[in-house]
Amino acid sequence: MKISRRGFRNIVWALVCLMGLHICMYGQSDTSTITGFVKDPSGAMVSNAQVTAISEATQESHTVTTDKSGYYSLSNLSAGFYSLSVHIQGFKSFESVHNKLDALSTLSINASLAIGTSNESVEVTSSAERIQTDSGSVQHLITGEQIQHQELNGRNPVFMAELLPGVITGSTLGDFNFGVSKPGFSVNGAESTSTTVTLDGAPAVRTRANTYVIGAPNVDSTEEIQVLTAAYSAEYGGASGAQVRMVSKSGTTDFHGTVYEYLRNSALNANTWSRNQSPTTRFASPFRYNDFGFAAGGPIWTPGLPSTLRRKLFWFVAQDWIRYRYTDTNFETVPTSLMHMGNFSELLGPNPFYSTPKIITNPFDCTTTNGKKTCAPFAGNIIPQNLWSSNGMAILSVYPEPIPGLLVNGDQNWEATAPHPINQRKGTYDFDVIVNDRHHISFRRTDLSYNEYSALDQGLGLTGLFKTWPNQTNTLSWVWSITPTTVNEMGGTLSIDRVSQQADLADPGFNRSNYGINYNYIVPGGKDLNKIPSLSLPSPFFSLSGGPYPSHSGGPIYSYRDSLTKSSGNHLFKFGFSYDYRGEDDDDQINITTVPGGSSNQNGTFTLTDSYANGSGLGLANLALGLADSYTEIGPRAYTIWRGAMYESFAQDSWKITPKLHLDYGLRDTIAFPFHSLWGNAAYFDPALYNPGQAVSVNPKTGLVAVGSGNQYNGMVIPGLSGFPNGAAQHGVFQATTPDAYTSLFNPGLPRGLVDAQNALQPRLGIAYQFTDKTVIRAGGGRFLTRMGLLDNIFPGGNSPFQPFVTVSGISVDNPGAGLNTATAPTLAVTTYDRNIRQPDAWNWNVTVERQLPWSSVLSVAYVGRRGLHLWDSADINEPLPGTTYANPGVNIAALAPYKGFSSILMEQSVASSRYNSLQIFWERRFVRSLGFSAAYTLAKSMDNSSSYSDTVPDTYDSSNLWGPSTFDVRQAFVATSTYDLPFLRDKRRLTDKILGGWRLSLTAQFLSGAPQSVYTTNTDYAGVGVPGLPQFWVLNGKPRYPRQFSTASTSSNTYFSTTTSNGSPLFTAPTQGTFNLQHGIRDVIYGPGYEDWNAGLFKQFAINERNNFEFRAEAYDVFNHANWSSPGITPGTSTFGKVTSKTALSRQLQLSLRYSF
């Protein structure tokens, strides 16, 4: 649906004015509802009874009366503990105390009245094992007790979501996650970019790539975490996966606080498995970690002030500092000392790098017979010195010499250690004003300051990185109880995301002349640094990375919303509108992960493969000879300011049809506008605009473009504008100083950002039926939409003419731009979006049976399904047809590409899909009477043809073979937790009990089955498409078998999966020349080993009195020091193919802490 941005905005604000709203609030509400029925002794419903809920923390009260069916509803309540009372003439008062109201949930409290006077009362105490009878969603609460006392390595509460069914990450609970986090949650088969995180309703996920969490929250300031995973109500949007909604603490009528320090040291840690393999590092890596801070809150009140203020103004402040000093240890596979001298004789016999001998040939001594080229082998596999490339050998010298006698993890022969310091501060500032029973204003702020230096950031210690990350989230909200049955909630949020990195210019890699590298740049001007180039090498050798640039990116997220809740009879209606405006100020528009044919290095990337037609048969030897498949370089970097808007509205009804039957239904409407450049400095490629009649002429031998032979920017467009906006030049767009040179690129007839706005209606439905007081069956489903952020593989602002991105093929390392002059130009590398791309969406559904069990526990058994649609991946639309290079020997690939004048054209598209089916079991007892536990089990199957927006389709013209297991298809997952107060000396009234008692034990156990991998190579162009580094699947010749053996060395005969079939033939073989392997089911066909993790904590409390106590903690992560196996080698032809030769870095770590609380 095509909508004018300005027209829609006018309509929206007109509606807002008509409604009389003064401010809107974003951030779907984290408030909750209490409902129930009031009955007399005969079971008849009682109308006109007065029902009052009082917050036990702040004494804030809310009152309603029951309707004619005896039903009441109290909405828009903050999470916490409530006392509920019911009063009516002729009956005793009903009092229910200590009722826990979870965030984003509905609590059902039914009152049974007894005959008597209102001066008499019947008091009941809430039980902890309530079942959910008023929702069809799948959602789980992480309580404050769990956050505080379950083992959490790094004290980053967002990772507590791993305790729940359906949640998969790439790490275990024992892994260290303390700071700026990229949780990578895959929830119910959704990609990690489809899960959103909020802090007190404020968006807390980076706009760039939808991954990193802004403003890491603090354990001691987090009240609870509500995780919505399926079929949640229409009020919540922005993600087609899960919502991880974190709620911070607030002040209460009493003063409370905590001061603490957590201490860790290498003297308390076990060594990692990999370090133990090296004779020089058989000790725990130097490690020092101090986490200290405070949290305090209470009323804004002092003696002498009116006592009423104690119930009006509240504050909560927390600060958490981390000083982390540890030593990085890197193991890499580097060229041997002989290889540094052009001598590859070690590869003629058994070697740790390849499973068969590698013979290199002389590309300058070849004959052609019947069209077949044959080259003479180098004598002894040694390249004569007269054939050495000066720059190739200089780049080879950048690699350090291997460490004599070292061979770990199969083929890694080099090791380095370096200090890695990190400083971090987290802050929380919460304020509440309860004006009266009708008005509640609150402010929430979380901020983060993060500073890091990584000497081994790029692997070899040549290009160190300084990184700073100052982020924040802010929420201002106002809840207005217009009447007892009508509540309006409004306010706004501001989240700020910033990332800055600086280079350590003292490192040698930032000056390539240190190594004698002196080839001429293709785009010589505008280099930030004169650093070393990057290499893309075939496995198993480490691909050299040129390191970071001084850069920064970041931007604001503004959001606003208003919602109106109306209770009418057995219905609770809710309507709302929100506006989200966000962006990125980006001068780092360089691929984070280099795509095939791309580059992440302004100073150049050489791609070298074993199959280069004019090479020696070995990529590393080609470097010594100075022969590269291709070279890509980036010119002066552009600074692009991106912005995009989203408008959403919803309407929903929570209908208590009968005391046993509940129905939720609603509709959410999302209108998402694409991100666009504010100042016009972003260019896209649109195939529909490419005119073959204006194609440039490309030299078939050199691949260079003849200047003036056609339109250099054929198919490129700056959409939605007729020229650069006023002020563009002042905002760093130097092309705006000569606008006439770019007039032909502007097309005002297209939408800003190239893509039309998308309007998506998302119906939601949930039903709950309570069979008995202890059993309920729930079901629900609906459509959900993900608002994708800016990507880190597609940069229209980084395209020519704003940021030159050029590629030449078949080149000399000594002179990549040979042949370039005033009459020739290189081809352009471009990234773009499909003109018809859509936001990813999904339908999910569930059927859940929940039952109260003995021991104050609740068991949920659920079937959860999901169907993902319009998932994103990328394809090089300028890829030649399979077999092209074989049919055109000697012709440069640039001359054979469909769109002349371009090398790769990486286009993001929304053509993938997914399916997920699961059984999810969750058994929980919230902490009560000295014991709490949970157990989550998931049996699932997730299938798709793209698991990430950064996946690149190998065959642009046929992707039918890509349907297979998701990369996060972990079939079984189990995690259990327990917290137990040891049953002795619990009577804290006696001194001996205070001194010797007060012990608590906490345990966590986690088990995950392995994730799948694909078997492919990137160093041989079997398909003949001329795209170096493109993954090409090998042919599977049977069903994989799993001996599951560990290999102590690459020469070991042990394998994790058999590389041969039962008859001894190869399990995988190379695809037929000139073709891609289009075998169905070939993607993600090998499953790796699973993971196991055990964590434990022992706590001792020293109670001084009822209000003051100390607590000592000793916590152990990976308490049994169980090192999990790493993934098997999946590159055919290497010595580690099919073998697990290493283990993960997980090792036992101990943490001690002391806390004082009042």
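Here the contact order of the chain, divided by its residue count and restricted to Cα pairs under 8 Å and six or more residues apart, works out to 12 percent. Between the Cα long axis of helix 5-19 and the first principal axis of the chain there is an angle of about 10°, rounded to the nearest 10.
Looking at the stretch 409-498, the trypsin sites (Lys or Arg not before Pro) that sit in a DSSP loop and have at most 15 other Cβ atoms within 10 Å of their own Cβ are Arg438.
Between the DSSP loop rule and a limit of at most 16 other Cβ atoms within 10 Å, which chymotrypsin sites (Phe, Trp or Tyr not before Pro) in the stretch 947-982 are left?
On the way: sites: Tyr949, Tyr957, Trp963, Phe968, Phe974, Tyr980; in loops: Tyr949, Tyr957, Trp963, Phe968.
Taking the stretch 947-982 and a limit of 16 other Cβ atoms within 10 Å, the loop chymotrypsin sites (Phe, Trp or Tyr not before Pro) found are Tyr957.
Ordering Thr884, Thr1017, Trp321 by Cα displacement along the dipole of the chain toward the positive end leaves Trp321 in first place; charges were set at the Cβ atoms of Lys, Arg (+1) and Asp, Glu (-1). Computed over the stretch 23-125, relative contact order equals 32 percent, with contacts defined as Cα pairs under 8 Å that lie 6+ residues apart.
Within the chain, which is the longest segment that contains none of the GluC sites (Glu not before Pro) sitting in a DSSP loop with at most 11 other Cβ atoms within 10 Å? The partial results should precede the final answer.
Values: sites that count: Glu120, Glu1106.
Result for the longest clean stretch: 121-1105.
If each DSSP helix of 4+ residues adds -39,500 (n - 2.57) and the sum is divided by the residues in the chain, what number results at 222 nm, nearest 500 deg cm²/dmol?
Values: 7 runs with 49 residues, N = 1158.
So the helix-based figure for the chain works out to -1000 deg cm²/dmol.
Note on the stretch 433-567: with charges restricted to the Cβ of Lys and Arg (+1) and Asp and Glu (-1), its dipole about the Cα centre is near 200 debye.
Which pairs, out of Lys1100/Lys1143; Lys467/Lys1139; Lys182/Lys574; Lys68/Lys312; Lys68/Lys92, put more than 29 Å between their alpha-carbon atoms? Walk me through the numbers on the way to the answer.
Numbers: Lys1100/Lys1143 35 Å; Lys467/Lys1139 36 Å; Lys182/Lys574 33 Å; Lys68/Lys312 34 Å; Lys68/Lys92 20 Å.
Listed pairs above 29 Å: Lys1100/Lys1143; Lys467/Lys1139; Lys182/Lys574; Lys68/Lys312.
Of all DSSP-defined beta bridges confined to the chain, some 90% are antiparallel rather than parallel.
Out of (1) 47.5; (2) 58.5; (3) 66.6, which label holds the value of mean projected area of the Cα convex hull in nm² that was computed here? Matching the structure shown: (1).
Here the stretch 185-244 and the stretch 515-541 have alpha carbon centers that stand 40 Å from each other. A DSSP coil position with no more than 12 other Cβ atoms inside 10 Å describes none of the chymotrypsin sites (Phe, Trp or Tyr not before Pro) in the stretch 61-110. Here the Karplus curve 6.51 cos²θ - 1.76 cosθ + 1.60, taken at θ = phi - 60°, turns the phi angles of the stretch 760-766 into couplings of 10, 8, 10, x, 9, 8, x Hz, with x standing for Gly and Pro.
Ranking Phe784, Phe1110 by Cβ neighbours within 10 Å, fewest first, what do you get?
Values: Phe784 30, Phe1110 14.
Placing the least packed residue first, the sequence is Phe1110, Phe784.
Here the stretch 255-304 and the stretch 709-775 have alpha carbon centers that stand 45 Å from each other. Karplus-based coupling profile of the stretch 402-415, in residue order and whole Hz: x, 7, x, x, 8, 8, 10, 6, x, 9, 8, 10, 9, 9, with θ = phi - 60° in 6.51 cos²θ - 1.76 cosθ + 1.60 and x standing for Gly or Pro. For the pair the stretch 963-986 / the stretch 547-594, the C-alpha centres are spaced 32 Å from each other.
If only the Cβ of Lys and Arg carry +1 and only the Cβ of Asp and Glu carry -1, the dipole of the chain around its Cα centre is close to 1320 debye.
Taking the Cα centre of the stretch 23-125 as origin and assigning +1 to Lys and Arg Cβ atoms and -1 to Asp and Glu Cβ atoms, the resulting dipole is close to 220 debye.
Specify whether the C-alpha gyration tensor of the stretch 23-125 places it in the rounded, prolate or oblate class, a ≥ b ≥ c being the square roots of the eigenvalues: rounded for a/c under 1.5, otherwise prolate if a/b is larger than b/c and oblate if not. Kindly include the intermediate steps, with their values, before the conclusion.
On the way: a/c = 2.38, a/b = 1.81, b/c = 1.32.
Since a/c reaches 1.5 and a/b is larger than b/c, the shape of the stretch 23-125 is classed as prolate.
Across the stretch 684-689, computed HN-Hα scalar couplings (Karplus, 6.51 cos²θ - 1.76 cosθ + 1.60, θ = phi - 60°) run 10, 10, 10, x, 5, 9 Hz from first to last residue, x flagging Gly and Pro.
Among Leu104, Leu820, a tally of other beta-carbon atoms within 10 Å of each Cβ gives an order, fewest to most, of Leu820, Leu104.
With an 8 Å cut-off on Cα pairs and a minimum separation of 6 or more residues, tell me the relative contact order of the stretch 1049-1158 in percent. Kindly include the intermediate steps, with their values, before the conclusion.
Numbers: 164 pairs, mean separation 31.4, N = 110.
Computed over the stretch 1049-1158, the figure is 29 percent.
Where does each of Phe650, Phe573, Phe685 land when they are ranked from fewest to most other beta-carbon atoms within 10 angstrom?
Values: Phe650 24, Phe573 17, Phe685 27.
Least crowded to most crowded, the residues run Phe573, Phe650, Phe685.
Read the figures in this text as sums done on the coordinates, not as results from a lab. Note that the structure is predicted; figures quoted are calculated from it, not measured. Here Cβ is always computed from backbone atoms with ideal geometry, including for glycine, and neighbour counts include all displayed protein chains.
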